[in-house]
Amino acid sequence: MESHKTYTVDEATKRMERYCAYQERCHKEVHQKLYEMRMIPVAVDEIIDHLLRHNFLNETRFAQAFARGKFRVKKWGRNRIVNELKLREISKYNIQIALKEIPDSEYYKTFEALAEKRLQQLSSEKNLLKKRKKLADYLFYRGWESEMVYGKVNEISK
């Protein structure tokens, strides 16, 4: 039988402080981590309360950092960002705040650059319909809005 390390509430609290200080975390990730550490529900509540009071855990800050990072690094569109935040059980209110982190001008510039880059990669595709479909699939996967995607796809003529 394998033994599992057990933690006192203080040890677990210190561990979670480091975990949250390393990078922004959402409540769901912290809950998951404490569950993996086999902490009892009363201890989980106490630790999360401590992390919130001492500002180690802040869902608004997490959502903002998440939106900025996924947009700038992974070039995700708003739809993908919203869906991923919902998966992490972030409130509608915090999702709205997070989306304000992405300036519209930068959003459209990024979309254009991403679409152009993908079109360059698809330059060997001779079938116009296939080329359009591949571009649309790529942009939808990354979470860009359908009106933007179809607008771009319809610009392709050769």
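Between TYR141 and THR8, what is 0.36 nm times their sequence separation minus the Cα-Cα distance? Round to one decimal in nm.
Net length gain for the segment: 43.5 nm.
Computed over the Cα atoms, what is the radius of gyration of the chain divided by 2.2 N^0.38 Å, N being its residue count?
1.40
What size of dipole, in debye to the nearest 20, comes out for segment 59-99 about its Cα centre when the only charges are +1 on Lys and Arg C-beta atoms and -1 on Asp and Glu C-beta atoms?
For this selection, approximately 240 debye.
Given CYS20, ILE97, THR8, which one lies farthest toward the positive end of the charge dipole of the chain, if we put +1 on the Cβ of every Lys and Arg and -1 on the Cβ of every Asp and Glu?
Going by the charge dipole, the pick is ILE97.
Name all residues of segment 37-57 having a backbone nitrogen under 15 Å from the label point set 7 Å from the Cα of ALA21 along its Cα→Cβ direction, giving them as ranges.
51-52, 54-57
With the chain treated as a Gaussian network of Cα nodes joined by springs under 10 Å, which of ILE81, ILE40, ILE102 yields the largest mean-square fluctuation?
ILE40
What ³J(HN,Hα) values, in whole Hz, does the Karplus curve 6.51 cos²θ - 1.76 cosθ + 1.60 give for segment 119-129 when θ = phi - 60°, with x put for Gly and Pro?
Here the 3J(HN,Hα) series is 5, 4, 5, 9, 4, 7, 6, 7, 6, 4, 5 Hz.
Looking at the chain as a GNM with Cα springs under 10 Å, which of GLU17, GLU84, GLU46 has the largest mean-square fluctuation?
Of the options given, GLU46 has the highest mean-square fluctuation.
Could you give the nm distance between label points at GLU116 and GLU29, where each point is 7 Å from its Cα heading toward the beta carbon?
3.3
Only Lys, Arg, Asp and Glu count, each charged at its Cβ (+1, +1, -1, -1), so figure out the dipole size of the chain about its Cα centre, rounded to 20 debye.
Approximately 980 debye in magnitude.
Nearest 500 deg cm²/dmol is fine: what mean residue ellipticity at 222 nm does the chain get from its DSSP H runs of n ≥ 4 alone, each adding -39,500 (n - 2.57), divided by its residue count?
It comes out at -22000 deg cm²/dmol, rounded to the nearest 500.
Just name one of SER124, TYR107, PHE140: the one whose Cα is farthest towards the positive end of the charge dipole of segment 104-153 (beta-carbon charges, Lys/Arg +1, Asp/Glu -1).
Projecting each Cα onto the dipole axis, the largest value belongs to SER124.
Read the figures in this text as sums done on the coordinates, not as results from a lab. Treat the numbers as computed from the prediction; the structure is a model and nothing was measured. Counting neighbours? That spans all protein chains shown, and the Cβs are built from the backbone with ideal geometry, glycine included.
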